[in-house]
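The values are calculated or read from the model by the stated rules, or taken from the named source; none is laboratory data. Keep in mind it's a predicted model, so treat the numbers as computed, not measured. Heads up, the Cβs are rebuilt from the backbone with ideal geometry, glycines too, and the neighbour counts pull from every protein chain shown.
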Amino acid sequence: MHRAINPATGELIHEFPEHDELEVNERLAKAQEAFNSWRRYDFEERARHLTAVADRLRENTDRLARLMTEEMGKTLASAESEVDKCAWVCDFYAENAERFLAAENVATDASKSFIRYEPLGAVLAIMPWNFPLWQFFRFAAPALMAGNVAVLKHAANVPGSALAIEAVFNEAGVPDGVVSTLLISSERAKLLIGHPTIRAVTLTGSDRAGREVASEAGRCLKKAVLELGGSDPFIILDDVDPAEAGRQAAKARTINSGQSCIAAKRFIVDETIADRFEEEFTRAMEGLKVGDPMDRGTDVGPMAREDLLDSLDGQVQRTVKAGAQLRTGGHRLEGKGWFYAPTVLTGVEPGMAAFDEETFGPVAAVIRAQDPAHAIELANRSQFGLGASVWTADASRGEDVAAEIESGNVFVNGIVKSDPRLPFGGVKSSGYGRELSEVGIREFVNIKTVWIK
């Protein structure tokens, strides 16, 4: 059973039974049938459909945003922005996919030789709950424009969002089966990778889930793209204003109430300004309004599930026990719902839970660095490598530091974010492959060489 429980109240919203094997097989057969025709649509036809999807998203922003907020607790304002971003990525690939995938002539000993980019087929998309629409559309817009079809296995706690995604495509007039949703368990999804209809798989989720999916995809010799967890460093050099850095740090940590792979988590600050930064950062975190995500004045909503809140609190307590100082927060808030107080831990060092593990919630770990070289070393002392940000008054200095950071994304004087125009993904335990940009659309295609004499 897929059950959606409102994390702000703990009350059941709705529930849906899992699809049985007959339903799954019927939907996969429909996906294969849809691919056989969709792949032959020209770019202009596919673009018309994707533009219609973008229009449908914008027309239903309020309904879709409220659904996401009810199911996983993101603030209503951030949910509305998420819907708009999904429409943007649809428009972006509708406008650019043909150029990204144009055949490329190559001079060889042949009379003619060139590279073609052809779709693979049905791609299984195993998606998480934290950005219920964006994570799917970030994959789907380029994949569909390349001529693939998408089979969505969404997180069990956002079934309404999963079904709403399929409905958006149907209501926009996209042929039946081009996007289909399967309400199945994670275990069944892993077994589905071996199904002959499924030609590739993409996962956004934990590093543990990534290893399981990668193992199964490798066993079946199928392409996989993995966007996994992150413990993003936020590096503050000695030439910045500590007060402004503290305000930006609070924003970076509480993206999506802290439940984001690319939210800053480890705040590595030059020791010469550390006292002031910690003071300003703590003040900024304490000034955030925690509460009803439907209230437009709310900055931080609830955790998506109670077990996630308990896990986060356990990480905080283990870190404090290991010697870190609790500056603010560090406890569940009283009352209904799964709310956790914005938390700042100082004196954090490698070997502590808040340094070594991904903290998925409004908990910040502050680490002191002796100099830029030490900051880089601390930033790279992580199993993860998704995003990072560097804060400095000297942009060229920031660029030099960025070159040394082991991650897929580095932002200098800016909060890490995904952008359709730029490739997105990670290294190390943050996964492999890329989404978005010209690079992302080429992940799920057959890069075919054609040689003619």
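The figures follow:
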read-out	value
Considering residues of region 125-150 that are touching a His at 6+ places or on another chain (Cβ under 9 Å) and part of a strand (DSSP E or B) only, the residue nearest to Lys190 (Cα to Cα)	Ile126
Listing of helices (runs of 4 or more DSSP H) fully contained in region 1-94 that carry 2 or more residues being within 23 Å of the chain's Cα centre (by Cα) and farther than 27 Å from Ile441 by Cβ	61-72
Residue match in region 360-380 (condition: of a type in the set (Val, Ile, Thr) and surrounded by fewer than 22 Cβ atoms within 10 Å (Cβ to Cβ))	no
Residues satisfying the stated conditions in region 393-446, i.e. over 27 Å from Ser81 (Cα atoms) and among the aliphatic types (A, V, I, L, M)	Ala393, Ala395, Val401, Ala402, Ala403, Ile405, Val427, Val445
Odd one out for Leu163, checked against (1) in contact with a strand residue (DSSP E or B) (Cβ under 7 Å, 6 or more places away or on another chain); (2) touching a residue at least 40 places away in the same chain (Cβ under 8 Å); (3) buried (at least 21 other Cβ atoms within 10 Å of the Cβ); (4) not in a strand (DSSP E or B)	(3)
Scan of region 308-339 for residues that are among the aliphatic types (A, V, I, L, M) and in a helix (DSSP H, G or I), ordered by number	Leu308, Leu309, Leu312, Val316, Val320
Criterion (under 25 Å from Trp338 (Cβ atoms) and part of a helix (DSSP H, G or I)) met by exactly one of Ala155, Ala252, Ala214, Ala189	Ala252
Some residue of region 399-415 being over 30 Å from Asp241 (Cβ atoms) and either in contact (Cβ under 8 Å) with a residue 12 or more places away in the chain or surrounded by fewer than 15 Cβ atoms within 10 Å (Cβ to Cβ) (or both)	no
Failed criterion for Val201 (all others in (1) closer than 30 Å to Arg397 by Cβ; (2) outside the structural domain of Val401 (by TED's automatic domain parsing); (3) of a type outside the set (Asp, Glu) hold)	(1)
